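The values are calculated or read from the model by the stated rules, or taken from the named source; none is laboratory data. Since we're looking at a predicted model, the values are computed, not measured. With ideal geometry, Cβ positions are generated from the backbone for all residues, glycine too; neighbour counts draw on all protein chains shown.
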Amino acid sequence: MQTKGVTYRNMECVSNYQFFTNLQSCGENVNNTCGYIAAGILLSYWQATRGGNYISSSYLTYTTSNGVRKYSISNSLHTYLVNIGKSLGKGNTTYAKDIYDVVNRYFSLRSGISCTYRWALIPNANNIAIANDIHNNRPVIWFGRVASNSYNDMTNMNHAIIVYGYRFSIFSGYSYLAHFGWEGANEVFFNGFLGSTFTID
């Protein structure tokens with residue numbers, strides 16, 4: 001049984017947060033396909049931490065140095081998910097329901113997977129629900145408009161982000177720790193305006 005969320009960088013994070021902090025590459029985010037990148041990261045996270053048949057072994061590789069495992073996700077997984085989206089009539093830009101449909105089709109093409117997955121739109125997608133998911137070791141794909149972030153100067157940017165940690169302050173509200181879907185953007189603090197969420201249980 002997994003422990004509940006753990007503290008890292010003054011945030012409550014999923015207990016296996018190191019997957020995200022040590023993720024070296026995750027595919028090439030081009031033409032606003034960040035939702036598909038995020039879906040590939042989430043599927044790879046569950047493969048790495050739970051095992052099973054979430055993704056083909058060819059999509060996820062790792063190296064180990066000084067006891068630290070560093071993962072790389074092949075861009076082929078991103079391309080495959082984008083192609084599934086196209087087959088369903090989805091565009092490059094997505095929100096949670098689109099990714100739910102893509103993952104649903106993706107899982108229907110695989111076998112041996114036992115999990116549930118869900119999407120939510122505001123107001124059901126909210127900070128309290130995200131905090132509950134993180135506390136119970138479920139990273140969340142956050143879809144919305146980024147107001148500020150610690151990675152670069154981009155603001156008011158629509159994005160799909162893997163949230164794996166959060167903090168609540170009575171002074172500043174909720175803030176998050178996330179992987180932004182780019183190489184080197186593994187530990188990004190941000191806040192913004194949530195639109196929808198997707199997670200796998």
- Out of ILE84, ILE73, which single residue is β-branched (Val, Ile, Thr), surrounded by 15 or more Cβ atoms within 10 Å (Cβ to Cβ) and over 17 Å from the mean Cα position of the chain (by Cα)? ILE84
- Message: I'd like the residue in the range 44-70 that is β-branched (Val, Ile, Thr) and out of contact with any strand residue (DSSP E or B) (no Cβ under 8 Å at 6 or more places or on another chain) and, out of all such residues, is surrounded by the fewest Cβ atoms within 10 Å (Cβ to Cβ).
- Response: VAL68
- Task: Would you point out which residue out of LYS97, LYS90 is touching a residue at least 24 places away in the same chain (Cβ under 8 Å), surrounded by 15 or more Cβ atoms within 10 Å (Cβ to Cβ) and basic (Lys, Arg)?
- Result: LYS97
- Query: Taking TYR59 and the conditions (1) within 22 Å of LEU23 (Cβ to Cβ); (2) among the aromatic types (Phe, Trp, Tyr); (3) in contact (Cβ under 8 Å) with a residue 40 or more places away in the chain, which numbered condition does it fall short on, given that it satisfies the others?
  - Reply: (3)
- Query: Does ASN29 satisfy the condition of being more than 25 Å from ILE130 (Cα to Cα) and modelled with pLDDT under 95?
  - Reply: no
- Looking across the range 147-181 at residues that are at pLDDT 90 or above and more than 20 Å from CYS13 (Cα to Cα), the single one that is farthest from the chain's Cα centre (by Cα) is ASN158
- Message: Restricting to the range 32-53, name every residue that is of a type in the set (Ser, Thr, Tyr) and modelled with pLDDT of 95 or more.
- Response: THR33, TYR36, SER44, TYR45
